[in-house]
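Contents: one structure, followed by commentary.
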Amino acid sequence: MLLINQWPGETLRVPSGRIVHGAALLCVVIFVLASSPGRAAELEPRAYANAPVGLNFLVAGYAVSEGGLSTDPASPIKDAHLNINTGILAYARSLDVWGNSGKFDVIMPYSDLSGTALVGGLPKERQVSGLNDPRFRVSVNFMGAPALSKQEFADYRQDLIVGASVQVSAPLGQYDPSKLVNLGTNRWSIKPDIGISKALGAYTLELSAGVTFFTKNNDYYGGGSFEQDPVYSTQAHISYSFGNGVWLALDGTLDYGGRTTVNGVENDDRQENSRVGATLALPVNRSYSIKFYTSSGVVIRSGSNYNLGGMALQYRW
C-alpha cells in the first residue's frame, strides 16, 4: 500500500502574510495485486478531509510486500510465496463540486513480482514485471467540508465530515491468460464508498464502508471464465496530530464476500479478511512531505496474506 495526502496542520500563507493551519486533504492508496481472486485490503486514513480548492499533488512511492495466498481446498495453487516490489506515480487535484470540497486522483503502479508455488502438485516459479491496473477516483465531501479558497480556508476548523467516492479500476495492467499469477486482472471494477471523519482536538476518528463490483473475465487461465461476487469492506482509523504537520495513524480494515466462480463452478473462497497497519506523515517543507507505512494480515480466510511496508514522497503546488 502507498499513501499520498496533504498533511494536517501544514502551514498555509495567505496574502496578508498571516500563517494559518489547514486540515488534511487526501489519502490515495496504492496496493499490490498478487493475482488472488480478491483484491488486497486497503488501509486509507484521512481519505475524507478538507483542503483548499485548486491544489495539485504529485506522488512517487515505493512498496515491498512479502507473503502468499490463502486458497480454498479446490484451488490448483498451494503453498504460494510471493515477493512484490512496486513503484507508483500518482496525481491528484482538489476540486469544487457544487460548493463542496472534492478531489480527483489517478494512480499508475508498476510492479516486479517473483515467487514459487505448487500448481496441481507440481512446483512452479513465476517472475514478471509490468503495470498494474490503473485506478481513477472522484470523491466529494457533502457535509462539513465546503469548497474554500486558500484565503477562506484560513478560518476553517474540522468538526464532522461526511463524504463519498467512486473508484474505477481499468483492465490495462500486465495479463497473460496462460498464467495463474498476474499483475493485472483483465476485468473492470467499480467501488462506491462512504465515510465519516470526526475531529476531537488533536485526534481524528474515521469510519468508512464500501463495496467493490467486478465485471467478468472471459479470458481466464486456460481460456476459461472467472466471476467474483462483490467484496464488502469497512475501515476504521484513529490518528493523532503532533503539530507542525506531523501525524500518526493506526488503521484497521475488514473485507467480506468476494466468492469466485470459475467456468461455472462456485468456489469455497469467500473472504473474511482483516488487516491492521500504521502510517507516519512528516512534512519536509511547504511543498514536500514524506510518508512511511506498514500493514499486516490478522485473519485471512482467502486471498492475499502478506506483510507490506513502504514510503511515498509528495510534491504539492
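Quick note: the coordinates plus some simple rules give every number you see, no bench work behind them. This one's a predicted model, so the numbers in the text were calculated from it and none came from an experiment. Note that we place each Cβ from the backbone using ideal geometry, even for glycine, and neighbour counts take in every protein chain shown.
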- Note on the structure: The rounded separation in angstrom of the Cα centers of the stretch 181-208 and the stretch 60-123 is 15 Å
- Query: How large is ³J(HN,Hα), in whole Hz, for each residue of the stretch 270-275 in order, when computed from phi with the Karplus curve 6.51 cos²θ - 1.76 cosθ + 1.60 and θ = phi - 60°, using x for Gly and Pro?
  - Reply: 4, 7, 9, 10, 9, 9
- Item | Cα-based convex hull volume of the stretch 83-209 per residue, rounded to whole Å³ | 152 Å³
- Query: Under a straight-distance cross-link criterion of Cα-Cα below 25 Å, which lysines are reachable from K150, leaving out those fewer than 8 residues away in the same chain?
  - Reply: K103, K198, K291
- Message: Please list 3J(HN,Hα) in residue order for the stretch 82-94, calculated via the Karplus relation 6.51 cos²θ - 1.76 cosθ + 1.60 where θ = phi - 60°; whole Hz, with x for glycine and proline.
- Response: 10, 10, 10, 10, 10, x, 9, 10, 9, 9, 9, 9, 7
- Message: If the reach is capped at under 19 angstrom between alpha carbons, list the lysines near K216, excluding any in the same chain fewer than eight residues apart.
- Response: K179, K191
- How far is it, in nm, from the label point at D155 to the one at K124 when both lie 7 Å from their Cα along the line to the Cβ? 6.4 nm
